[in-house]
Amino acid sequence: MKEFKVTPIRNGTVIDHIEMGMALKVLRIIGVRGDVSSTVSVLMHVPSKKNSWKDIVKIEDRELDPKELDKIALISPDATINIIRDYNVAEKFVVEVPERVKGIMSCSNPGCITNKNEPVEPEFVVETKKPPALRCVYCDRMTTDIAENIV
Ligand SMILES: Nc1ncnc2c1ncn2[C@@H]1O[C@H](COP(=O)(O)OP(=O)(O)OP(=O)(O)O)[C@@H](O)[C@H]1O
Ligand SMILES: [Mg+2]
Ligand SMILES: [Zn+2]
């Protein structure tokens with residue numbers, strides 16, 4: 001039997017298989033504050049098939065742009081994006097951690113030129129994808145606590 005914990009949505013996006021504990025970060029990334037104008041459902045600590053836990057975010061009448069998808073990949077590389085059309089999953093894909101990251105994360109090194117009020121946009125090379133570890137192209141500092149540094 002199919003179990004529904006929230007009302008199905010007609011059109012929109014389901015971000016599934018979010019790493020447990022990251023749902024609120026995902027909401028921040030997609031710009032959901034208190035003043036939404038469409039239905040948003042947030043499920044935290046949902047059983048996942050691989051005997052672990054996950055979070056899910058469902059948002060009506062909204063699709064995600066490439067920058068939002070890159071950010072979600074960095075904090076939750078196994079997240080799946082399900083585009084819902086007329087109540088059905090019309091498209092499904094796994095987010096992809098990019099090879100290079102520009103402008104969406106700040107460097108964790110306070111002494112880095114990108115943190116010195118210079119007009120230098122932070123930029124990183126992705127050294128490992130799972131879990132994501134990023135090396136700053138300016139100071140070589142590795143950043144692994146990505147959720148804390150995402151902008
Ligand atoms: N109309 C809808 N409204 C809200 N959520 C939906 C709707 N249709 C599907 N979903 C949700 O979207 C996600 C993907 O749906 P799908 O039917 O592909 O499940 P699945 O087969 O378990 O997929 P996966 O293998 O990616 O886990 C699930 O979390 C499901 O609950
Ligand atoms: Mg599933
Ligand atoms: Zn740096």
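Where a number appears in this text, it was derived from the coordinates with a stated rule and is not lab data. As the structure is a prediction and not an experimental result, all values here were calculated from the model. Virtual Cβ from ideal backbone geometry, glycine too; neighbours counted across all protein chains shown.
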Answer residue from the stretch 131-151, given it is in a loop (DSSP other than H, G, I, E, B) and within 30 Å of Glu63 (Cβ to Cβ) and is nearest to ligand 1 (Cβ to nearest atom) among those
Pro131
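Could you say whether any residue in the stretch 68-83 is under 27 Å from Glu123 (Cβ atoms), surrounded by 13 or more Cβ atoms within 10 Å (Cβ to Cβ), hydroxyl-bearing (Ser, Thr, Tyr) and in contact (Cβ under 8 Å) with a residue 40 or more places away in the chain? Break it down stepwise before answering.
Going through the stretch 68-83, the residues under 27 Å from Glu123 (Cβ atoms) turn out to be 68-79, 81.
Filter once more, keeping what is surrounded by 13 or more Cβ atoms within 10 Å (Cβ to Cβ): 68-79, 81.
With the extra rule that they be hydroxyl-bearing (Ser, Thr, Tyr), the set shrinks to 76.
Now restrict to residues that are in contact (Cβ under 8 Å) with a residue 40 or more places away in the chain: 76.
Yes, the stretch 68-83 contains a residue that is under 27 Å from Glu123 (Cβ atoms), surrounded by 13 or more Cβ atoms within 10 Å (Cβ to Cβ), hydroxyl-bearing (Ser, Thr, Tyr) and in contact (Cβ under 8 Å) with a residue 40 or more places away in the chain.
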Report yes if some residue within the stretch 121-136 is among the hydroxyl-bearing types (Ser, Thr, Tyr) and either closer than 30 Å to Ser48 by Cα or within 20 Å of the chain's Cα centre (by Cα) (or both); otherwise report no.
yes
Single residue of Asp35, Asp55, Asp78 found to be of a type in the set (Asp, Glu), within 12 Å of ligand 1 (Cβ to nearest atom) and in a loop (DSSP other than H, G, I, E, B)
Asp78
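What number of residues in the stretch 104-130 are within 23 Å of Ile72 (Cβ to Cβ), without any contact (Cβ under 8 Å) to a residue 40 or more places away in the chain and assigned to a loop (DSSP other than H, G, I, E, B)? Give the steps one after another, and end with the answer.
Filtering the stretch 104-130 down to residues within 23 Å of Ile72 (Cβ to Cβ) leaves 104-108, 114, 121-130.
Pick out the ones that are also without any contact (Cβ under 8 Å) to a residue 40 or more places away in the chain and you get 114, 121-128.
If we keep only those that are assigned to a loop (DSSP other than H, G, I, E, B) too, we end up with 121-122.
Selection size over the stretch 104-130: 2.
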